[in-house]
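The values are calculated or read from the model by the stated rules, or taken from the named source; none is laboratory data. If you're wondering where the values come from, they're calculated on a predicted model, not measured in any experiment. All Cβ positions, glycine included, derive from the backbone under ideal geometry; neighbour counts span all protein chains shown. Ligands, DNA and RNA are stripped out before the accessible areas are found, and what is left, the full protein with its side chains, is counted by its heavy atoms. Shrake-Rupley method; radii C 1.70, N 1.55, O 1.52, S 1.80 Å.
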Amino acid sequence: MSALTVLFIGGTGIISSAASVRALELGYELTVLNRGSSSTRPVPAGVEVLTGDVHDHASVRSAIGDRQFDVVVDFVAFTPDQVQADIDLFAGRAGQYVFISSASAYQKPVAALPIRESSPLRNPWWQYSRDKIACEDLLVAAYRSTGFPVTIIRPSHTYDRTSIPLTGGWTAIDRFRRGLEVVVPGDGTSLWTLTHHTDFALAFVGLLGLPAAVGDVFHITSDEALPWDQIYTTLAAAAGVDEPRLVHVASESVAVVEPEWGPGILGDKAHSVVFDNSKVKAFVPGWQATTPWSTGAREIIEWFDGDASRRTVDPAAEAAFERLIAGARGFSD
């Protein structure tokens, strides 16, 4: 039996890097198309690399030529025009086209938990999420009208050792270690789901080349839903701080003081999310996310502590924290 031929457009991101490793473990013939500029997550040995600008459709078309693949996964398509270019390019040349959407596309505020694939899609706060919804609409229409073989995947907050899921990133960790207060948007009690990228990859790659997955949609997340305060304190403990100083500030206030943080908080992180993963478990028998956040937190701190150049404090985040903390103190007074 010939090996599954798979093309990853992207291939060096948080999700795609783990998926590449898993695809090789299963013996797939994996080709990755990217600009070849990543050293953080290098392409593993054994992967064919095509060099091209993934954001330039002419460059992608030139790099691929007239080749066909059993599976094409575009990890870097974010807007309908990018997806339409993929439809035009891969129609008749891919047995399955996999689009990476986002669980942030689900209705906000969430009307009912747990979230299932059938939950409504609507996000009035975040343009990123609305674009993903528009991409999904386009792909579903193409499947219904022409049979374009799409599978839609909705990751939630998927992380690896290089990604800190706290508002402010490394600046928050640095403040923990200096004994300074760190802002937690909201009251710290809403539930959030963090998924380790290797757990995600096991389920994700299990859907590749699966005929029953064509025309369907799946989210893939951990079953561990934790309050934000626990997410913060677990990461602080991994950094050697047992009693971090947390200051809770209304998410709306955070969005006003630091507008760049606003859409991701109001359109996603401010809302409790608990996912029902029974669908993907039925399609990928035996799959279960097994990496708890406590383990992932230690991986993150170990990676950042391994190289001083990674531990960069953002002056803008530092200033935003100070303004928010001052405002919280003024309100409490």
Which pairs have Cβ atoms under 8 Å, sit 6 or more apart or on different chains, and link a residue in segment 222-239 that is without any contact (Cβ under 8 Å) to a residue 40 or more places away in the chain to one that is open to solvent by 20 Å² or more (accessible area, probe 1.4 Å) and polar (S, T, N, Q)? PRO227/THR189; PRO227/SER190
Residues LEU266, LEU235: which one is at pLDDT below 95, aliphatic (A, V, I, L, M) and either open to solvent by 50 Å² or more (accessible area, probe 1.4 Å) or part of a helix (DSSP H, G or I) (or both)? LEU266
Output for Cβ contacts, cut-off 6 Å, separation at least six or different chains, first residue closer than 17 Å to ILE173 by Cβ in segment 286-299, second assigned to a helix (DSSP H, G or I) and open to solvent by 20 Å² or more (accessible area, probe 1.4 Å), reads TRP293/THR234; SER294/THR234; ALA297/THR234; ALA297/ALA238; ARG298/ALA238
Count of residues meeting criterion [assigned to a loop (DSSP other than H, G, I, E, B) and among the β-branched types (Val, Ile, Thr)] in segment 155-192: 4
Based on this model, can you work out whether VAL110 counts as surrounded by 14 or more Cβ atoms within 10 Å (Cβ to Cβ), over 19 Å from VAL214 (Cβ atoms) and touching a residue at least 60 places away in the same chain (Cβ under 8 Å)? yes
Determine which member of the set ILE173, ILE152 is within 30 Å of PRO315 (Cβ to Cβ), among the aliphatic types (A, V, I, L, M) and open to solvent by less than 10 Å² (accessible area, probe 1.4 Å). ILE173
Per the filter on segment 50-81, residues without any contact (Cβ under 8 Å) to a residue 40 or more places away in the chain and either of a type in the set (Asp, Glu) or surrounded by 15 or more Cβ atoms within 10 Å (Cβ to Cβ) (or both) are LEU50, GLY52, ASP53, ASP56, HIS57, SER59, ALA63, ASP66, ASP81
Matching residues in segment 272-331 (in a helix (DSSP H, G or I), closer than 28 Å to LEU191 by Cβ and among the hydrophobic types (A, V, I, L, M, F, W, C)) number 16
When every residue in segment 298-332 that is basic (Lys, Arg) and closer than 16 Å to HIS248 by Cα is compared, the one farthest from the chain's Cα centre (by Cα) is ARG329
Of the residues in segment 138-160, those that are farther than 22 Å from PHE69 by Cβ and touching a strand residue (DSSP E or B) at 6+ places or on another chain (Cβ under 9 Å) come to ARG154, SER156, HIS157, THR158, TYR159, ASP160
